[in-house]
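Visitor: Sharing a structure here in structure tokens format.
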Amino acid sequence: MTPPHAKTWAPRGRTPVVRVRGRSHRRISIAALTCYKPGHRSRLIYRPRWDDGRRDGRKSFSWRDYRDLLIAAHQQLGGPIVLIWDNLNVHKAAGLRDFAASRHWLTIYYLPPYAPDLNPVEGIWSLLRRGWLSNVAFSTPEHLVQRIRRGLRHIQYRSDLIDGCLAETGLTIQPT
């Protein structure tokens, strides 16, 4: 009895290569909030932003984009928000600080410098990268956006995944 031969789509001795057309300077940024309230389902609120390739266009989120995300989260959640943010420079922008100071429903705390292990959103990105974005050769930027949205939508419907990201940090919710 002879052993089976391994079948591959590349000739023997040549590494398989997948050619992907696209521009490497396109960028997709995503801002996300994991929302926790004792006695309620955990929520994930996110906003994608992709670079349109123009030289004059902004490639990442501005403080105004974060402001709009916070306003949308406040409308969806219907209550005050205690926000715990990392030390991204845009999170500490003067315009965003002024906005937070003028809103009685918004309180902001900052994580210590470089503390990704305390940020539950890092767990969301890990789930996304290991699940819906792994082992895929994206043919277009739209294909990438579609997979990102599908993965985040799946995570949104699974509050146990969002709870797991908080548990992974070791932090707990203590109502006052």
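The values are calculated or read from the model by the stated rules, or taken from the named source; none is laboratory data. What you see is a predicted model; the values in this text were computed from it and never measured. Cβ sites come from the backbone with ideal geometry, for glycine too, and all protein chains shown count toward neighbours. Remember, those area values only see protein heavy atoms, side chains included, never the ligands or the DNA or RNA. Shrake-Rupley method; radii C 1.70, N 1.55, O 1.52, S 1.80 Å.
Visitor: Please give, to one decimal in nm, the separation of the simple spin-label points placed at Arg41 and Tyr109, each 7 Å out from Cα toward the Cβ.
Guide: Label at Arg41, label at Tyr109, 2.7 nm between them.
Visitor: Ignoring any ligand, DNA or RNA, what whole percent of the accessible area of the stretch 59-152 comes from carbon and sulfur when the probe is 1.4 angstrom?
Guide: 54 percent
Visitor: Can you give the FRET efficiency for Tyr157 and Asp98, using 1/(1 + (r/R0)^6), R0 = 25 Å, r = Cβ-Cβ distance, to the nearest 0.05? Intermediate results must be reported in sequence, preceding the final value.
Guide: Working: r = 36 Å, r/R0 = 1.42.
That pair, Tyr157 with Asp98, gives E of 0.10.
Visitor: If you don't mind, there's one more thing I want to ask. Run through every distinct alpha carbon pair of the stretch 126-171 and return the Kirkwood hydrodynamic radius in angstroms, one decimal place.
Guide: Working: mean 1/r = 0.0865 Å⁻¹.
The Cα-based Kirkwood calculation yields 11.6 Å.
Visitor: Over the stretch 110-176, give the accessible area per residue in Å² for a 1.4 Å probe, as an integer.
Guide: Working: 4290 Å² over 67 residues.
Dividing the accessible area of the stretch 110-176 by its residue count gives 64 Å².
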